[in-house]
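Asks: Have a look at the structure that comes next, please.
The values are calculated or read from the model by the stated rules, or taken from the named source; none is laboratory data. In this text the structure is predicted, and so the values were computed from the model without any measurement. Cβ: placed from backbone, ideal geometry, glycine included. Neighbour counts: every protein chain shown. Ligands, DNA and RNA are stripped out before the accessible areas are found, and what is left, the full protein with its side chains, is counted by its heavy atoms. Shrake-Rupley method; radii C 1.70, N 1.55, O 1.52, S 1.80 Å.
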Amino acid sequence: MAAASQLFKGDRIIWFIVLILSLIGVLAVYSATSTLAFSEKGGDTEFYFLRHSGFLLLGLGVLYVTHRMPYQLYKIMARWGIHLSIALLVLTLVVGHDINNAARVLPIPFLNLTLQPSDMAKLFLVLYIARVISKNHEDAGTTKVFIKALVAVGIIVLLIAPENLSTALMIFATSMMLMYIGRVNLKYLGILAGIGLSAIAIMVLFLTNISTQTARDLGGRIPTWKSRIETFSGNNPNAESSYQQMQSKIAVATGGVFGKGPGHSTQRYYLPHPYSDFIYAIIVEEYGLFGGLIILGCFLVLLYRCLKLMTASPQAFGALTVVGLGLSMSFQAFLNMGVAVGVLPVTGLTIPLVSMGGTSLLFNSLSFGIILGISRHIQEEKRKQAEGAAVDA
């Protein structure tokens, strides 16, 4: 036990959450990719399971290395990381490959892999905001600090929004909450929130009042946004997103308390993207309300532990980073769950460490590693203080 505590330092509850999410993710992905295996890999049902497991193991390796590193290093990385993220997002808009009719990924030469820059941007934007506020902690309420953070948030959100609006809105909301926690002037945040809500309201009004043909003529993601808004409001029951939510609700409703059992989902044959966007529906169908509550509980506990770490952190950068990353991953998971049970419109967001992915698994693992690294630092500081007090006594 002592040897394990030396190898795996930091918050043990968060380590347990990582383990639970990883195991459930592997089982759910293996079940949910069966139809994809037949359509894309000639019936090789092991392919996506092994691919996901490989990325997961690599991600856990990244997590382990990261949690052993001094987290202050990320304060240095934040500046060049945000610039690299912006450059890759611009490149994605120009030469990115399409996923679900949106340019979201960049091909990685010679590796037959793709990179989703929005995953990188989510991480480095949190680090950058934490850096800006902590560096000017005494002046966090000034216009200068607000503008520096706002410029980064605005650029990232505007670059992601054309191809991935749901991720852009989630990043905007997370950034607002992080700036609020960092004591940025409430007047500025109120104005920003008003602008954001007004922009969303104008967009919704515009999309609901144009014809389907006009939306198609405008191109891009506009037809998809219109379809999802109309489906959620009940004005377009024949849209593709309406079909998705109907199948998801069937999966959730037939799961019962303990589910149909691992690998016994029937809705995986009808749900588009059951291994990513709608993986929560498959989990509830196979593991029931019990399984769904485990996933929900993991992210609620993660958020709670991150808030506790924030209050215990002796440095502002560590406090803001840990709560920012906890908010980002938990908020994303809650949105995915909301879509699966039909209380939110279809978004395309995934569940960290659970949904199938490549670079998303790696960046979420990196986020967990940073959180655990900060918790390790807090534990070591407390131990030193206790030893110092014992010596003085």
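Asks: Those residues that are over 28 Å from Ser31 (Cα atoms), open to solvent by 70 Å² or more (accessible area, probe 1.4 Å) and modelled with pLDDT of 75 or more, I need them from the stretch 215-251; list them, please.
Replies: Arg216, Asp217, Leu218
Asks: Anything in the stretch 330-349 that is β-branched (Val, Ile, Thr) and open to solvent by 30 Å² or more (accessible area, probe 1.4 Å)? List them, or say none.
Replies: The answer is Val341, Val343.
Asks: Please enumerate the residues belonging to the stretch 239-270 that are farther than 20 Å from Phe38 by Cα, among the small types (Gly, Ala, Ser) and assigned to a loop (DSSP other than H, G, I, E, B).
Replies: Within the stretch 239-270, Ala239, Gly255, Gly256, Gly259, Gly261 qualify.
Asks: How about the stretch 342-391: which of its residues are touching a His at 6+ places or on another chain (Cβ under 9 Å), among the hydrophobic types (A, V, I, L, M, F, W, C) and closer than 22 Å to Leu165 by Cα?
Replies: Matches in the stretch 342-391: Met356, Leu361.
Asks: Next up: Scan the stretch 348-365 and tell me whether some residue there is at pLDDT 90 or above, within 26 Å of Gln72 (Cβ to Cβ), touching a Ser or Thr at 6+ places or on another chain (Cβ under 9 Å) and aromatic (Phe, Trp, Tyr).
Replies: So far as the stretch 348-365 goes, no, none of its residues is at pLDDT 90 or above, within 26 Å of Gln72 (Cβ to Cβ), touching a Ser or Thr at 6+ places or on another chain (Cβ under 9 Å) and aromatic (Phe, Trp, Tyr).
Asks: Residues that are open to solvent by 40 Å² or more (accessible area, probe 1.4 Å) and more than 24 Å from the chain's Cα centre (by Cα): does the stretch 283-294 have at least one? Walk me through it before giving the result.
Replies: Of the stretch 283-294, the ones open to solvent by 40 Å² or more (accessible area, probe 1.4 Å) are 287, 289-290, 293-294.
Imposing the further condition that a residue be more than 24 Å from the chain's Cα centre (by Cα) reduces the set to none.
No, there is no match, as no residue in the stretch 283-294 is open to solvent by 40 Å² or more (accessible area, probe 1.4 Å) and more than 24 Å from the chain's Cα centre (by Cα).
Asks: Ser355: in contact with a helix residue (DSSP H, G or I) (Cβ under 8 Å, 6 or more places away or on another chain) and either over 25 Å from Arg104 (Cβ atoms) or small (Gly, Ala, Ser) (or both), yes or no? Break it down into steps so the answer makes sense when it comes.
Replies: Numbers: in contact with a helix residue (DSSP H, G or I) (Cβ under 8 Å, 6 or more places away or on another chain): yes; either over 25 Å from Arg104 (Cβ atoms) or small (Gly, Ala, Ser) (or both): yes.
So Ser355 passes the test.
Asks: Using the structure shown, decide if Ser175 is of a type in the set (Gly, Ala, Ser) and open to solvent by 20 Å² or more (accessible area, probe 1.4 Å).
Replies: Numbers: of a type in the set (Gly, Ala, Ser): yes; open to solvent by 20 Å² or more (accessible area, probe 1.4 Å): no.
Against the criterion (of a type in the set (Gly, Ala, Ser) and open to solvent by 20 Å² or more (accessible area, probe 1.4 Å)), Ser175 does not qualify.
Asks: Just checking, how many residues over the stretch 70-99 are in contact with a helix residue (DSSP H, G or I) (Cβ under 8 Å, 6 or more places away or on another chain), open to solvent by 60 Å² or more (accessible area, probe 1.4 Å) and either outside any helix (DSSP H, G or I) or hydroxyl-bearing (Ser, Thr, Tyr) (or both)?
Replies: 2
Asks: Thr321: over 21 Å from Ser22 (Cα atoms) and polar (S, T, N, Q), yes or no?
Replies: Against the criterion (over 21 Å from Ser22 (Cα atoms) and polar (S, T, N, Q)), Thr321 qualifies.
Asks: Also: Could you check the stretch 324-348 and list, in sequence order, the residues that are among the polar types (S, T, N, Q) and under 9 Å from the mean Cα position of the chain (by Cα)? Working first, answer last.
Replies: Quick first cut of the stretch 324-348, residues among the polar types (S, T, N, Q) only: 328, 330, 332, 336, 347.
Result: Ser328, Ser330, Gln332.
Asks: Output the residue which, of all residues in the stretch 300-318 that are of a type outside the set (Ser, Thr, Tyr) and either free of Cβ contacts under 8 Å to residues at least 40 places away in the same chain or more than 22 Å from Phe368 (Cα to Cα) (or both), is surrounded by the most Cβ atoms within 10 Å (Cβ to Cβ).
Replies: Among those that are of a type outside the set (Ser, Thr, Tyr) and either free of Cβ contacts under 8 Å to residues at least 40 places away in the same chain or more than 22 Å from Phe368 (Cα to Cα) (or both), it is Leu303.
Asks: Then there is this: Answer yes or no: is there a residue in the stretch 39-58 that is hydroxyl-bearing (Ser, Thr, Tyr), buried (at least 22 other Cβ atoms within 10 Å of the Cβ) and not in a helix (DSSP H, G or I).
Replies: Checked the stretch 39-58: no residue is hydroxyl-bearing (Ser, Thr, Tyr), buried (at least 22 other Cβ atoms within 10 Å of the Cβ) and not in a helix (DSSP H, G or I).
Asks: Among the residues of the stretch 1-18, count how many are surrounded by fewer than 13 Cβ atoms within 10 Å (Cβ to Cβ) and either within 20 Å of Ile282 (Cβ to Cβ) or modelled with pLDDT under 80 (or both).
Replies: The number of residues fulfilling the criteria is 7.
Asks: Where residues in the stretch 182-200 are surrounded by fewer than 17 Cβ atoms within 10 Å (Cβ to Cβ) and β-branched (Val, Ile, Thr), which of them is farthest from Gly318 (Cα to Cα)?
Replies: Filtering the stretch 182-200 for residues that are surrounded by fewer than 17 Cβ atoms within 10 Å (Cβ to Cβ) and β-branched (Val, Ile, Thr), the one farthest from Gly318 (Cα to Cα) comes out as Ile200.
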